[in-house]
Amino acid sequence: MTGESPSSHPASILVVDDIPENIRILARLLTNRGYAVRQAANGEDALLSARQSPPDMILLDIEMPGISGYEVAVRLKQDKLLCEIPIIFLSALDDTVGKVRAFAAGAVDFVTKPFQFDEIEARITTHLKIRKLQIELEQRNAEYEKANQELRRLEELRENLTIASKFSMWWTYYQQFDCQYVEPECRRSALDFLSAFDNFVEKGGAAFTSFSKQPAERIIEPLREWANDSSNGPPPESSLNLTNVLLFLTIYRSQIEGQISSSPSNTDQMVHPAVARRLDGYLKWRGHFPRLKTRADPQEVMERASRSTTIVVVGDIRRSQDLMTYAMDEQDFSRRMVEFIAKTRTVLNQYGGFFDKFTGDGFIGYFNESICELWGSNYIDSFIGFIREFTAFSNSHFREWIKFVRKIPGQSVGLAVGADLGRVSFQSLNYHVVAVSESIVWASRMASASKAEEVLVNNLLYQNLRQRSDLVFASREASTKSGESFQAWKMGIKGGDASG
């Protein structure tokens, strides 16, 4: 229903933002979609415009000079002529408290800047549809007094739709924040949804019995058990993960819409399940992927990565305990360590690397053949490029850092790097990476045997690199903690700090 208002004329949308460029871009895109767009540069102008001619919807910025978007929303909700206008907040703020406050002020939705126009348009369409249903029900109630029972049924369905949408929102936040922060709100919303669901089934929704070829009870009963017992921790991953619940709610909402309208939209049925699956995959891997130049499904990418070759890189800061113990002050240590951590992730991402974790005084990263192909590079070239740039940074960083400690350590301070090559199995356990491979063990052994400002590689990786004209190697004898001896190769880059 692009451009369509609850009445027959084009939907009017009031866009409120104190940045003219934001208004100009959004107004142009909405006008091209058939909406009648009005503009306001501050809260006072927005209230005046709404009172003169109530719009069908308001897109409202939060941070503005004068009165804030929150205050504008509160005043609108206090006006009986304007209180039903749907308000969608647009804000660069992305914290839970700000979002909760936005909904408490009366917003129907919240979109974080920078945003995709398709996302805003989809939400506008949804809330105009809900508003249209609300107006239709009010008109029918006035025109057909004898049809009160049917009108009450439709109103109840609309309320069920709203409750399901709110629960979908809270459940998404709950999962995104690792089942913390919004747990009380999410439990209350779940209880509201379960009550509405039970009423829906009792009054004729019994045909709604399946979800992805599974009984509805496989979602409802675990959800009911969790919602009614605050002592329960996060729900089990197997049945109540983000994808399963969002898919369930999609089908539930489509059933309700099918009873509200003779021609329900099939957007939720056709698009949202795929979006939910992609969202689940994205949430699993979002903190680790480089910004891939592809729209490939993240889960499929990681499955392919597990079947292809990976260079494992382990970094270990030599004498990190001394840097902390003898730091000139706590803030200096924290600042320099954060700088090192940030640069690690930046350079890994720059060369298509896959970040795993920080280990307290080091890191683990990967250059995977399949992921680097999607990135548009060769994984060996990416690894060499990373080593060249990152060792130059880290060597300089720690040489400067050592000037600001109270006691110079007896041993060299700096980053020791170990690397190996092989297959790595990548899995996600509750949205945390679990990587399993003998190569990780050997890369760690290389790092343990390496000295500050050195890069040691294991034999298989050495055999893949030794013919390169830009590298030099020297043999190194070492042993594991259990006393097993092995031969490693010290790698240097001609013209770089890692040249050894």
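The values are calculated or read from the model by the stated rules, or taken from the named source; none is laboratory data. Predicted model only: the values in this text are computed from it and were never measured. Here Cβ is always computed from backbone atoms with ideal geometry, including for glycine, and neighbour counts include all displayed protein chains. These accessible areas exclude ligands, DNA and RNA; they are computed on the full protein's heavy atoms, side chains included. Shrake-Rupley method; radii C 1.70, N 1.55, O 1.52, S 1.80 Å.
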### Query
What tally of residues in the stretch 294-352 results from selecting those that are hydroxyl-bearing (Ser, Thr, Tyr), in contact with a Ser or Thr (Cβ under 8 Å, 6 or more places away or on another chain) and surrounded by fewer than 21 Cβ atoms within 10 Å (Cβ to Cβ)?
2
#### Entry: Conditions (1) without any contact (Cβ under 8 Å) to a residue 40 or more places away in the chain; (2) closer than 18 Å to Ile135 by Cβ; number of the one not met by Thr31
(2)
### Summary
Within the stretch 405-441, restricting to residues that are in contact (Cβ under 8 Å) with a residue 60 or more places away in the chain and assigned to a helix (DSSP H, G or I), the one that is surrounded by the fewest Cβ atoms within 10 Å (Cβ to Cβ) is Ile440
### Query
Residue check: is Lys451 in a strand (DSSP E or B) and within 40 Å of the chain's Cα centre (by Cα)?
no
### Message
Here is a check on your reading of the model: is Glu84 over 26 Å from Ile135 (Cα atoms) and either surrounded by fewer than 16 Cβ atoms within 10 Å (Cβ to Cβ) or not basic (Lys, Arg) (or both)?
### Response
no
### Task
Please enumerate the residues belonging to the stretch 109-132 that are of a type in the set (A, V, I, L, M), surrounded by fewer than 20 Cβ atoms within 10 Å (Cβ to Cβ) and either more than 18 Å from the chain's Cα centre (by Cα) or closer than 13 Å to Ile62 by Cβ (or both).
Val111, Ala122, Ile130
## Note on the structure
Residue count, the stretch 418-472, condition among the hydrophobic types (A, V, I, L, M, F, W, C) and under 30 Å from Asn241 (Cβ atoms), comes to 8
### Task
Could you list all residues from the stretch 459-479 that are within 13 Å of Met446 (Cα to Cα) and not in a strand (DSSP E or B)?
Asn459, Leu460, Leu461, Tyr462
### Task
Within the stretch 445-468, count every residue that is open to solvent by 20 Å² or more (accessible area, probe 1.4 Å) and either at pLDDT 95 or above or more than 19 Å from Phe390 (Cα to Cα) (or both).
11
### Query
Considering the stretch 45-66 alone, what residues qualify as being assigned to a helix (DSSP H, G or I) and surrounded by fewer than 14 Cβ atoms within 10 Å (Cβ to Cβ)?
Leu48, Arg51, Gln52
### Query
Going by the conditions given, is Arg319 on the phi > 0 side of the Ramachandran plot and modelled with pLDDT of 80 or more?
yes
### Task
Please work out which one of (1) open to solvent by less than 50 Å² (accessible area, probe 1.4 Å); (2) at pLDDT 90 or above; (3) closer than 18 Å to Val108 by Cβ; (4) not aromatic (Phe, Trp, Tyr) is the condition Gly69 fails and give its number.
(2)
### Query
Can you tell me which residues in the stretch 50-65 are over 17 Å from Asn22 (Cβ atoms) and free of Cβ contacts under 8 Å to residues at least 60 places away in the same chain?
Ala50, Arg51, Gln52, Ser53, Pro54, Pro55
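Can you tell which of Phe367, Phe355 is farther than 21 Å from Ser396 by Cβ, among the hydrophobic types (A, V, I, L, M, F, W, C) and surrounded by fewer than 21 Cβ atoms within 10 Å (Cβ to Cβ)?
Every option except Phe355 fails the conditions.
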### Task
Hey, could you check the stretch 93-108 for residues that are touching a strand residue (DSSP E or B) at 6+ places or on another chain (Cβ under 7 Å), under 23 Å from Leu47 (Cα atoms) and not in a helix (DSSP H, G or I) and say which is most open to solvent (accessible area, probe 1.4 Å)?
Val108
### Task
For the stretch 488-498, state whether one or more residues are surrounded by 12 or more Cβ atoms within 10 Å (Cβ to Cβ) and in a helix (DSSP H, G or I).
yes
#### Entry: Residue count, the stretch 133-144 (criterion: surrounded by 16 or more Cβ atoms within 10 Å (Cβ to Cβ), of a type in the set (A, V, I, L, M, F, W, C) and at pLDDT below 85)
1
### Query
Which residues, taken from the stretch 67-83, are touching a residue at least 12 places away in the same chain (Cβ under 8 Å), part of a helix (DSSP H, G or I) and farther than 19 Å from Glu21 by Cα?
Tyr70, Glu71, Val72, Ala73, Val74, Arg75, Leu76, Lys77
